[in-house]
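**Student:** Take this structure first; my questions come after.
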Amino acid sequence: MYVRKIVFHEHALAMHETVTRARVKQLSREKVGPMALCIACGADANEPPQAYMAHCTRCGAPSVYGRDELIVLMEMRHGKGQ
Ligand SMILES: [Zn+2]
């Protein structure tokens, strides 16, 4: 778990500008459509909400995270309460 948090931190530094907390929250409310995003290029991805470092079909980076993982990622990036 400690190692995984370090990975999160490194990805957070390189997060695509279109991957915002508001966008992630929007994802989490949807029952259909993409439930994951690529944090490298910002593309929507057809991956499950629990996706973690899945490969992006657009840019090829292992940077696709599901909405559940993205919520954790965002909290680590911005801190709680923001
Ligand atoms: Zn991508």
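The values are calculated or read from the model by the stated rules, or taken from the named source; none is laboratory data. Just so we're clear, the structure is a prediction, and the values are computed from it rather than from any experiment. Backbone-built Cβ (ideal geometry, glycine too); neighbour counts: all protein chains shown.
**Student:** For the range 50-62, name all the residues that are within 15 Å of the ligand (Cβ to nearest atom) and either under 14 Å from residue 35 (Cα atoms) or hydrophobic (A, V, I, L, M, F, W, C) (or both).
**Tutor:** Passing the criteria: 51, 52, 53, 54, 56, 59, 61.
**Student:** I'd like to check something: does the range 6-25 contain any residue that is crowded, with 18+ Cβ neighbours inside 10 Å, modelled with pLDDT of 70 or more and not in a loop (DSSP other than H, G, I, E, B)?
**Tutor:** Yes, the range 6-25 has at least one match.
**Student:** Using beta carbons and a limit of 6 Å, which pairs, at least six apart or on different chains, have the first residue in the range 15-40 and closer than 17 Å to residue 60 by Cβ and free of Cβ contacts under 8 Å to residues at least 40 places away in the same chain and the second one acidic (Asp, Glu) and within 14 Å of the ligand (Cβ to nearest atom)?
**Tutor:** 36/47
**Student:** Follow-up. Across the range 63-82, what is the number of residues that are in a loop (DSSP other than H, G, I, E, B) and either under 11 Å from the mean Cα position of the chain (by Cα) or at pLDDT 95 or above (or both)? Walk me through how you get there before you give the answer.
**Tutor:** Let us first name the residues in the range 63-82 that are in a loop (DSSP other than H, G, I, E, B), namely 63, 79-82.
Imposing the further condition that a residue be either under 11 Å from the mean Cα position of the chain (by Cα) or at pLDDT 95 or above (or both) reduces the set to 63.
The qualifying residues number 1.
**Student:** For the range 41-79, what are the residues that are of a type in the set (S, T, N, Q) and in contact with a helix residue (DSSP H, G or I) (Cβ under 8 Å, 6 or more places away or on another chain)?
**Tutor:** 50, 63
**Student:** Another question, if that's okay. Only residues that are more than 9 Å from the ligand (Cβ to nearest atom), closer than 19 Å to residue 77 by Cβ and surrounded by fewer than 20 Cβ atoms within 10 Å (Cβ to Cβ): list them for the range 28-49, please.
**Tutor:** Residues satisfying the conditions are 28, 49.
**Student:** Does residue 38 meet the test of being at pLDDT 95 or above and in contact with a Lys or Arg (Cβ under 8 Å, 6 or more places away or on another chain)?
**Tutor:** yes
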